[in-house]
Amino acid sequence: MKKTFLIIFLLAAVTISQAQSEGLAVKHGDKGLYLEHTVASGQGLYAVGRLYNVNPKHIAAFNKMDMNKGLEIGQMVRIPLTDTNFTQKNNKGVPVYYTVGQSEGLLKVSTVNNKVTMQKLRDWNGLKGDALQVGQKLIVGYLVSKEMQTLAANTPKTAPAREEVKRAEPVEEQPAVKTQAVTAAQPDPPPTTPKEEPKKTEPVITRQESAPVTKEQGYFRSFYEQQIKQNPVSKNTTVTASIFKTSSGWEDAKYYLLIDGVTTGTIVQLTNPDNNKAIYAKVLGEMNGIRQNQGLGIRISNAGAAALGVNDMEKFILKIAY
């Protein structure tokens, strides 16, 4: 029982970690304002309801789903924002954001978000005027959920990891520039020196141009590189894999996997030995206790399988390192 609770807590923590980096984004529909939640391993209607402080029956009705049927990993569920779990009267809770669209000012944002007062929008977002920029994220209310707030308080934010990666870049590049300058100055003090210096700066530009390769291999690549600096790769093996369906990864290149015995949130490298394509994926949870997973080492998201160029959707072989 304790193990099951721990797994659910960790999976919920992954949800909070993503919410911290991306923000809870408000959506609009015929039934009012709502949030979108991607189902993780071990989550059902009751677990999702507790997380967002909504009666699971209301979630089922809002999504027109059968209460007796379970949820699938990667399934997108709409979470209604009601008087019980959403407030626009104060700033107590987890911020809910609205992304400003084309030709939208503060009055428009107020109108489409339950007519929240413009003064509250100014106070919550530190605005001095009513002019807004396209793509700007504004707080339009707060999710009232003790479980969400508790997890948010206990879950480390991803921002520090990104800052560490950014700090690491100049540390690596500066010595290289100094070494090149000394090497050029010692053997060739005459006119040869200025001719060689521009040639030696070209590799730095080449590294910057190769940045898109990181995006192709997945959003989590930089996190993996930071991870192995602290904990070098200790596991490198071949596993039998299959997929699970999810809507994540097609646009944002965020790939996920299920695997037993590896801490939730760990980033791993996956390689297709047939074509040597590689991606980086985050561990979403375990897959033990499910009959369909017998004989499998891992399950990866369908977007990740597509990025690896996998043709067989049933079973295939991958190399894994972490």
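The values are calculated or read from the model by the stated rules, or taken from the named source; none is laboratory data. A quick note: this is a predicted structure, and the numbers were derived from the prediction, not measured. Cβ placement follows ideal geometry from the backbone for every residue including glycine, while neighbour counts extend to all protein chains displayed.
Quick check on region 51-91: of everything there that is basic (Lys, Arg) and modelled with pLDDT of 90 or more, which residue is surrounded by the fewest Cβ atoms within 10 Å (Cβ to Cβ)? Give the steps one after another, and end with the answer.
Here is the first cut: in region 51-91, the ones basic (Lys, Arg) are 57, 64, 69, 78, 89.
Remaining after also requiring modelled with pLDDT of 90 or more: 57, 64, 78, 89.
Details: Lys57: 11, Lys64: 7, Arg78: 17, Lys89: 10.
Filtering region 51-91 for residues that are basic (Lys, Arg) and modelled with pLDDT of 90 or more, the one surrounded by the fewest Cβ atoms within 10 Å (Cβ to Cβ) comes out as Lys64.
Just name the residue that is farthest from Gly49 (Cα to Cα) out of those in region 96-154 that are hydroxyl-bearing (Ser, Thr, Tyr) and loosely packed, with under 14 Cβ neighbours inside 10 Å.
Initial filter on region 96-154 (hydroxyl-bearing (Ser, Thr, Tyr)): 97-99, 103, 110-111, 117, 142, 145, 150.
Those left that are additionally loosely packed, with under 14 Cβ neighbours inside 10 Å: 103, 111, 117, 150.
Details: Ser103: 36, Thr111: 28, Thr117: 28, Thr150: 15 Å.
Among them, the one singled out is Ser103.
Taking only pairs six or more apart or across chains, which ones have beta-carbon atoms under 9 Å, a first residue in region 76-93 that is more than 9 Å from Tyr52 (Cβ to Cβ), and a second residue that is part of a strand (DSSP E or B) and among the polar types (S, T, N, Q)?
Pairs found: Met76/Thr38; Val77/Thr38; Gly93/Thr87.
Pairs, please: C-beta under 7 Å, at least 6 apart or cross-chain, first residue over 14 Å from Ile267 (Cβ atoms) and in region 280-307, second in a helix (DSSP H, G or I) and of a type in the set (A, V, I, L, M, F, W, C)?
Close Cβ pairs satisfying both conditions: Gly285/Ile7; Gly285/Leu11; Glu286/Ile7.
Can you pull out the residues in region 22-40 that are in a loop (DSSP other than H, G, I, E, B) and in contact with an Asp or Glu (Cβ under 9 Å, 6 or more places away or on another chain)?
Restricting attention to region 22-40, the residues satisfying the condition of being in a loop (DSSP other than H, G, I, E, B) are 23, 26, 30-31, 39-40.
Hit for region 22-40 is Val39, nothing else.
Counting residues that are among the aromatic types (Phe, Trp, Tyr) and more than 30 Å from Gln292 (Cβ to Cβ), which strands (runs of 3 or more DSSP E) fully inside region 41-149 reach at least 2? Give the steps one after another, and end with the answer.
Values: elements: 76-80, 94-99, 137-143.
Counting at least 2 such residues, we get 94-99.
Quick one: would you say Tyr256 is under 20 Å from Gln75 (Cβ atoms), touching a residue at least 12 places away in the same chain (Cβ under 8 Å) and aromatic (Phe, Trp, Tyr)?
On the way: under 20 Å from Gln75 (Cβ atoms): yes; touching a residue at least 12 places away in the same chain (Cβ under 8 Å): yes; aromatic (Phe, Trp, Tyr): yes.
Yes, satisfied.
If I ask for residues that are at pLDDT below 90 and of a type in the set (A, V, I, L, M), which ones from region 132-154 would you list?
Of everything in region 132-154, those that are at pLDDT below 90 and of a type in the set (A, V, I, L, M) turn out to be Met148, Leu151, Ala152, Ala153.
Take the residues in region 301-322 that are in a strand (DSSP E or B) and β-branched (Val, Ile, Thr), then tell me which one is modelled with the lowest pLDDT. Don't jump to the end; show me each part of the working.
First, pick out the residues of region 301-322 that are in a strand (DSSP E or B): 301, 316-321.
Retained after the next criterion (residues that are β-branched (Val, Ile, Thr)): 317, 320.
Details: Ile317: 89, Ile320: 94.
If we take residues in region 301-322 being in a strand (DSSP E or B) and β-branched (Val, Ile, Thr), then Ile317 is modelled with the lowest pLDDT.
Mind counting the residues in region 270-292 that are charged (D, E, K, R) and in contact with a strand residue (DSSP E or B) (Cβ under 6 Å, 6 or more places away or on another chain)?
Within region 270-292, the subset charged (D, E, K, R) is 274, 277, 282, 286, 291.
When the remaining residues are screened for being in contact with a strand residue (DSSP E or B) (Cβ under 6 Å, 6 or more places away or on another chain), the result is 282.
Counting residues in region 270-292 that are charged (D, E, K, R) and in contact with a strand residue (DSSP E or B) (Cβ under 6 Å, 6 or more places away or on another chain) gives 1.
Among residues belonging to region 22-43 that are touching a residue at least 12 places away in the same chain (Cβ under 8 Å) and exposed (fewer than 13 other Cβ atoms within 10 Å of the Cβ), point out the one that is farthest from the chain's Cα centre (by Cα). Lay out the reasoning, then the answer.
Residues of region 22-43 that are touching a residue at least 12 places away in the same chain (Cβ under 8 Å), as a first pass: 23-29, 31-43.
Next, only the ones that are exposed (fewer than 13 other Cβ atoms within 10 Å of the Cβ) stay: 28-29, 31.
Details: His28: 22, Gly29: 24, Lys31: 28 Å.
Among them, the one singled out is Lys31.
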